[in-house]
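To start, the structure itself, in structure tokens.
Every read-out reported here was derived from the displayed coordinates using simple, explicitly stated rules and does not represent laboratory data. Since the model is a prediction, treat every value here as computed from it, not as a measurement. For neighbour counting, all protein chains shown are included, and Cβ atoms are generated from backbone atoms with ideal geometry for every residue, glycine included.
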């Protein structure tokens with residue numbers, strides 16, 4: 001009798017412990033932890049992950065792709081699942097995990113043919129986190145570095161072509177941040193600090209859309225600082241590079257030339273001049289007695305932004 005009662009108690013304890021483990025497993029999965037380990041073949045796991053990805057269940061798809069790597073680390077599909085997991089995190093807007101997954105893929109498979117795609121995912125994950133110019137731009141600088149790394153390593157890929165386009169947009173964004181700070185100082189009468197920000201835009205981001213305004217603001221700040229010669233140099237550079245802009249008309253009026261600018265006729269449809277190449281905008285010394293040329297009317301149309309390349313919903317090219 002004692003033996004039977006002992007066995008019955010043991011069975012009850014085992015049953016209770018099994019219920020507790022299953023509850024922990026289901027609770028852990030619901031709480032966003034690792035999936036409970038259920039041994040499955042690689043084809044079943046990968047197909048399940050791909051199916052969830054097609055159903056836009058990106059978080060579940062990422063967990064299943066990670067499970068492929070965990071259960072079959074030496075399989076050919078593990079490499080692809082590693083990158084597809086990072087792609088799923090990117091679609092789920094979990095950019096931190098997308099970056100970490102892509103970096104892990106590059107650390108393990110640096111020479112893989114899908115390495116450009118991993119660099120592209122890293123750059124896009126930083127790019128999608130860029131905030132407006134009123135906030136800190138640390139992520140913007142990281143996006144700039146990641147896009148530049150992709151362009152340097154794989155210049156002939158379609159990912160690099162899109163990265164170069166996004167680099168121009170990022171540079172314009174960083175220039176906008178400098179202009180925002182410069183205007184802040186200018187509104188408070190801190191002319192020297194403002195002039196340093198505007199000069200930084202002219203020297204570092206001279207091919208962006210903020211360069212004409214930066215030169216006009218330099219004219220304003222130099223006049224406020226009591227250095228009209230420097231103000232005239234900035235206005236002369238503005239007139240030489242952007243003669244048909246409203247910014248030059250304002251700078252022309254600030255300099256106080258005796259001859260007023262002529263009235264603006266109707267614009268003539270002509271081909272817009274090409275933007276000056278990097279390094280071409282220079283502050284050349286100007287004679288104080290030489291009058292500035294009047295503003296012209298050749299206004300260039302706004303730039304056309306081509307549609308960016310986005311990651312394929314099927315991820316990188318098949319192995």
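Along the three principal axes, how long is the range 54-147 when you take its alpha carbons, biggest first, rounded to the nearest angstrom?
Largest first, the range 54-147 extends 47, 31, 18 Å along its Cα principal axes.
What would the Debye equation give as log₁₀ I(q)/I(0) for the range 113-213 at q = 0.11, 0.23, 0.24 Å⁻¹, counting only Cα atoms as equal point scatterers?
-0.38, -1.10, -1.16
Sort 204-215, 173-184 by packing, meaning the average of other beta carbons within 10 Å per residue, with the highest value first.
Numbers: 204-215: 21.6, 173-184: 19.9.
Those peptides, ordered most packed to least, come out 204-215, 173-184.
Of all the C-alpha pairs in the range 179-237, what % are more than 19 Å from each other?
On the way: 303 of 1711 pairs.
Summing the P(r) tail past 19 Å for the range 179-237 gives 18 percent.
Using every pair of alpha-carbon atoms in the range 169-210, split the distances into 5 Å bins beginning at 0 and state the percent of pairs per bin, rounded to integers.
Cα pair-distance distribution for the range 169-210, in percent: 6, 31, 31, 18, 10, 3, 0.
Per residue and in Å³, how big is the convex hull formed by the alpha-carbon atoms of the range 76-126? Don't skip to the answer; put the middle values down first.
Values: hull volume 3.0 nm³, N = 51.
It comes to 58 Å³ per residue, whole-number rounded.
For the range 145-266, max minus min Cα coordinate along each principal axis, in Å, sorted largest first?
55, 39, 20
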